[in-house]
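Chemist: The following block contains the structure, expressed as structure tokens.
The values are calculated or read from the model by the stated rules, or taken from the named source; none is laboratory data. Remember, predicted model here, so these are calculated numbers, not experimental data. FYI the Cβ positions are ideal-geometry reconstructions off the backbone, even for glycines, and counts take in every protein chain you see. With ligands, DNA and RNA removed, areas are computed over all heavy atoms of the protein, side chains included. Shrake-Rupley method; radii C 1.70, N 1.55, O 1.52, S 1.80 Å.
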Amino acid sequence: ALATKKPHDHYFPRHFYTRKGFYALPIQTIRDSNYKFLYMSARCVGSTHDSLAWAVSILVQRLQDGSGLRVYWLAGDAAYVCSDNLLTP
């Protein structure tokens, strides 16, 4: 998650406050072996767990129906659930 300042009150700041004690915006990204960005999603607020932010991304739907990026595999950390499309520890 990308740490940020407290959002204005009309954005419901409590939704952006993380369990780690700061305001944030979780950004899901995919980069290739040359660090080129292939995908980015910022659909969720800071209080959203990484695995849920990934699960609601459009890319997950496209990978499941076969219309997504042509990749050999995606790697994620322990915050994510291992699947046919995502390798995790």
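Chemist: Starting from segment 18-35, take each residue that is closer than 15 Å to residue 49 by Cβ and in a loop (DSSP other than H, G, I, E, B) and list its partners that are among the β-branched types (Val, Ile, Thr) and open to solvent by 20 Å² or more (accessible area, probe 1.4 Å), counting only C-beta distances under 7 angstrom and pairs at least six apart or across chains.
Modeler: Close Cβ pairs satisfying both conditions: 26/48.
Chemist: Additional query: Can you tell me how many residues within segment 6-17 are in a loop (DSSP other than H, G, I, E, B), modelled with pLDDT of 75 or more and not hydrophobic (A, V, I, L, M, F, W, C)? Outline the logic, then answer.
Modeler: Step one: filter segment 6-17 for residues in a loop (DSSP other than H, G, I, E, B), giving 6-8, 12.
Checking the rest, the ones that are also modelled with pLDDT of 75 or more come to 6, 12.
Within this subset, residues satisfying the condition of being not hydrophobic (A, V, I, L, M, F, W, C) are 6.
Matching residues across segment 6-17 total 1.
Chemist: Something else: When segment 50-65 is examined, which residues are found to be in a helix (DSSP H, G or I), open to solvent by 40 Å² or more (accessible area, probe 1.4 Å) and among the aliphatic types (A, V, I, L, M)?
Modeler: Once the filter is applied, which keeps residues that are in a helix (DSSP H, G or I), open to solvent by 40 Å² or more (accessible area, probe 1.4 Å) and among the aliphatic types (A, V, I, L, M), segment 50-65 yields 52, 55, 58.
Chemist: For residues that are out of contact with any Phe, Trp or Tyr (no Cβ under 7 Å at 6 or more places or on another chain) and surrounded by fewer than 17 Cβ atoms within 10 Å (Cβ to Cβ), tally how many sit in segment 26-38. Quick ask: steps written out before the conclusion?
Modeler: Quick first cut of segment 26-38, residues out of contact with any Phe, Trp or Tyr (no Cβ under 7 Å at 6 or more places or on another chain) only: 26-27, 32-38.
If we keep only those that are surrounded by fewer than 17 Cβ atoms within 10 Å (Cβ to Cβ) as well, we get 27, 32-38.
So the answer is 8.
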